[in-house]
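Here is the structure we will look at.
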Amino acid sequence: MNTATVRLYNTFTRRKEDLRPLDDGVVRIYSCGPTVYRFAHVGNLRTFMLPDLLRRSLDYLGYRSEQVMNITDVGHLTDDAFDRGEDKMLVAARLEKKAPEEIAAAYTEAFLDDIGKVNIRPAAQYPRATAYVPRMIELIQQLVANGHAYEVGGNVYYDIASFPAYGRLSRNTTDKLMAGARGEPDPRKRHPGDFTLWKAAGQHRTQVWDSPWGPGFPGWHIECSAMSMSIFGDRFDIHTGGADNVFPHHEAEIAQSEAIAGHRVVSLWMHGGLLMLSGTRMAKSAGNFFRITELEEQGFDPLAFRYLALQAKYRAPLNFGTEGLAGADRALDQLREKVAQWSRQAGSIDESWDSRFRAVLADDLDLPVAMALVADLVRSDVTPGAKAATLIAWDRVLGLDLNRAARERPLPAGASALLAARQKARDARDFARSDELRDQLASLGVTVIDTAEGQRIKP
Ligand SMILES: [Zn+2]
């Protein structure tokens, strides 16, 4: 199959660029993955949905792709805990009375379960940070040797002044870089914005490694340079992450990797928009996060969250609310119901609609337009069989399980007795009674329609 030219928005250049895979056969994608000292929330899932939609789209358009996603299994690597010297992995371990490895294993498993619920396909590899510490130490040694890093008192810092392009990805000025340095700055740093590559162990006793600078642990940013270049080499196609990773995490990764490689390492940087709740970013620290299983317990289909996410451009922030989710849940059920009905008729993919769908995907994964196309196709005069075949094909990208039968919803209390009574009334041709019962059912939120096969509940 001929592959369409795919255009993707590159955060680095702030414009859409043609995807030109370095190796014709396969597009290599590195994605920043979860920290596994806590559950992923739906905001994290939205971030991980970006590389999934990217891979599914590439696959649909005839490309092969290979994705690597790292697992951050060292709590003190993470940025939010780092400068306060707080170690979330160890805090979690202490609270749950388990070893850090057990905590990491349990939350990694929960992460894989959660992404499965929203049909995010697993990556080809999930390297763990703790398995790459020797490689991180090697990279830090190289950075010290080539003048990009310096040691003070067992800590190693990246010298941002040594890398003039620092700040380019995030369009940060030196002032903002300084403001970006958190907590108590180490007065021994050459520049307050110099970031940590290696941190002296201090009071830490677990998850500490020996190094040329004494016992300690690596900074968060070096993790992704080490894993991406160990697995893909020093050039690969696409790096993904959340918008909150642009600075400092990815800015730092570029400074590290390029100072070592001596050239550009990542061709395209893609960032997913954040999930907002009442105007605030969904985050554990803000205390406003939901796990997908919580939404499931509230009666939502987890894929309703995916449906909701598909309605927004991946780069844009998405406002999340249970009302919007309920709407998505109903819309998804109705769509499945239609596909189930139409599937009873034979039909093949409508090529003209499909080429429009492909063009939309190739234009920077424009899923909101793809979803509008779904709605247009549903209303179109295409034959039912062709509609079903086309929608089921598109579902390889959308991942909404459209050929799954609409979910059985539990009926409200009293509804089944009313339905039985109404069936009896209809059998007795007592239509006045039947209409009365239909109104009573409607007041419970149950809409009945009469078909040749008898009464049915409208989904
Ligand atoms: Zn990363």
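Can you give the direction-averaged projected area of the convex hull of the alpha-carbon atoms in segment 203-278, in nm²?
With every direction weighted equally, the projected area is 7.4 nm².
For the pair A340 and A413, what calculated FRET efficiency results from E = 1/(1 + (r/R0)^6), where r is the Cβ-Cβ distance and R0 = 22 Å, to the nearest 0.05?
In this case the efficiency is close to 0.20.
Hey, what number do you get for the chain at 222 nm if only DSSP H runs of n ≥ 4 count, each worth -39500 (n - 2.57), divided across all residues, to the nearest 500?
Helix contribution divided over all residues of the chain: -13500 deg cm²/dmol.
Hull surface divided by four, with the convex hull built on the Cα atoms of segment 415-457: how many nm²?
2.6 nm²
Give the Debye-formula value of log10 I(q)/I(0) at each listed q (0.14, 0.22 Å⁻¹), with one equal scatterer per alpha carbon of segment 277-398, two decimals each.
Once normalised to I(0) and log-transformed, intensities are -0.67, -1.27.
Once fully extended, how much extra length lies between A372 and A452, figured as 0.36 nm per residue of separation less the alpha-carbon to alpha-carbon distance?
25.6 nm
At 0.36 nm per residue, and after removing the present C-alpha to C-alpha distance, how many nm does the segment from R64 to D363 gain when stretched out fully?
105.9 nm
For every other residue with a beta carbon closer than 13 angstrom to the beta carbon of P212, add +1 if it is Lys or Arg and -1 if Asp or Glu, then tell me the sum. Could the numbers behind the result be given before it?
Numbers: positive: none; negative: E138, E151, D210.
Combined, the nearby Lys, Arg, Asp and Glu give -3.
With label points built 7 Å along Cα→Cβ from the Cα atoms of D430 and A261, find their separation and express it in nm.
Here the answer is 7.8 nm between the modelled labels.
With the alpha-carbon atoms as the only input, what is the per residue convex hull volume for segment 148-278 in Å³?
Hull volume over Cα atoms, normalised by residue count, gives 149 Å³.
Would you work out the relative contact order for segment 300-459, in percent, from Cα pairs under 8 angstrom that are 6 or more residues apart?
23 percent
Once the dipole of the chain is set up with Lys and Arg at +1 and Asp and Glu at -1 on Cβ about the Cα centre, which of G116, A104, A413 lies farthest towards its positive end?
Highest projection toward the positive end goes to A413.
Per residue of segment 411-417, in order, report the coupling 6.51 cos²θ - 1.76 cosθ + 1.60 (Karplus, θ = phi - 60°) as ³J(HN,Hα) in whole Hz, putting x for Gly and Pro.
After applying 6.51 cos²θ - 1.76 cosθ + 1.60, I find 6, x, 4, x, 5, 5, 5 Hz.
Using the structure shown, select from K117/K199; K117/K313; K313/K458; K387/K424 the pairs with a Cα to Cα distance greater than 27 angstrom.
Check vs 27 Å cut-off fails for K117/K199; K313/K458; K387/K424.
Please report, to one decimal in angstroms, the Kirkwood hydrodynamic radius of segment 210-333 built from all distinct Cα-Cα pairs.
The answer is 17.2 Å.
Over what distance in Å are the Cα centres of segment 416-459 and segment 239-282 separated?
Centre-to-centre (Cα) distance: 56 Å.
What three numbers, in Å, describe the spread of the alpha carbons of the chain along their principal axes, ordered from the longest?
Computed over the Cα atoms, the extents are 91, 53, 35 Å.
Since every read-out is calculated from the coordinates, none of them should be taken as a lab result. It should be emphasised that the depicted structure is a prediction, and the values quoted were computed from it without experimental measurement. Virtual Cβ from ideal backbone geometry, glycine too; neighbours counted across all protein chains shown.
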